[in-house]
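Enquirer: The structure under discussion is supplied below as C-alpha cells; questions concerning it will follow.
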Amino acid sequence: MPQLILDTIIEAPLSVVFDLARSIDLHMYSTRKTGEKAIDGVTTGLIEAGQQVRWRARHLGVKQTLTVQITAMEKPHFFEDRMTQGMFHSMDHQHIFKELEHGKVLMRDVFNFKAPLGVLGRLAEWLFLTRYMLRFLEERNQVIKEVAESGKYRLYLPV
C-alpha cells in the first residue's frame, strides 16, 4: 500500500491552517482542475468529527464519486478522513498540525491508499497513480498555504 508523506510550512495561526484544511469550500476551490464538488453530506463550511462528505470529480479522465468520513479529530492538531465508498480499495488521510516558532505551522499529510483490481492496481500505483496523488496533494496544500498567508482565509472561515 503506497504511503505519501507531505510536509508544508505555512506562516499563519495554527487554528487558521487547521480550519482551512477541513473547509469544504476551500477544498472545492483548490481542486477546481478536477471539478471536485461536494454533493452530499457536509457540502459547505467546516467538516467535523463523525461527519461525511461525498465528492464528485473527474480524475484521470474518469468521472467518479468518493465518500469520506472524519473518523478522528483533535482540534487543532489532528484529523483523519477515511474513504467509506469510492474507487480505491482503501484510502485514509491523516492531517497533522504542529505549531513551530515565529508564527509558522507544519502541516503534515500522511496519505495511504490501495488501488482496486489486485495486481493491475499495484501496477497502476507504481506506473502513475502514486505520482498523480502526490501532485494532487501538493497542489491542494499550495492553495491552503497561499490562502492562509495572504489573509484570504476570511473568505472560507466563519467569523
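The values are calculated or read from the model by the stated rules, or taken from the named source; none is laboratory data. In this text, all values refer to a predicted model and were calculated from it rather than measured experimentally. Positions of Cβ are backbone-derived with ideal geometry, glycine not excepted, and every protein chain shown enters the neighbour counts. The area values use the complete protein model at the heavy-atom level, side chains included, leaving out ligands, DNA and RNA. Shrake-Rupley method; radii C 1.70, N 1.55, O 1.52, S 1.80 Å.
Enquirer: Would you mention how many residues in segment 2-39 are in contact with a Lys or Arg (Cβ under 9 Å, 6 or more places away or on another chain), assigned to a loop (DSSP other than H, G, I, E, B) and either among the polar types (S, T, N, Q) or within 21 Å of Phe78 (Cβ to Cβ) (or both)?
Expert: Qualifying residue count for the region: 2.
Enquirer: For segment 19-33: of the residues being touching a residue at least 24 places away in the same chain (Cβ under 8 Å) and closer than 20 Å to Thr84 by Cβ, which is most open to solvent (accessible area, probe 1.4 Å)?
Expert: Per the stated criteria, the residue is His27.
Enquirer: Cβ contacts < 7 Å: first residue over 21 Å from His95 (Cα atoms), restricted to segment 38-61; second residue in a loop (DSSP other than H, G, I, E, B), any location; separation 6+ or different chain. Result?
Expert: Between residues of segment 38-61 that are over 21 Å from His95 (Cα atoms) and residues that are in a loop (DSSP other than H, G, I, E, B), the close pairs are Ala57/Thr31; Ala57/Gly35; Ala57/Glu36; Arg58/Gly35.
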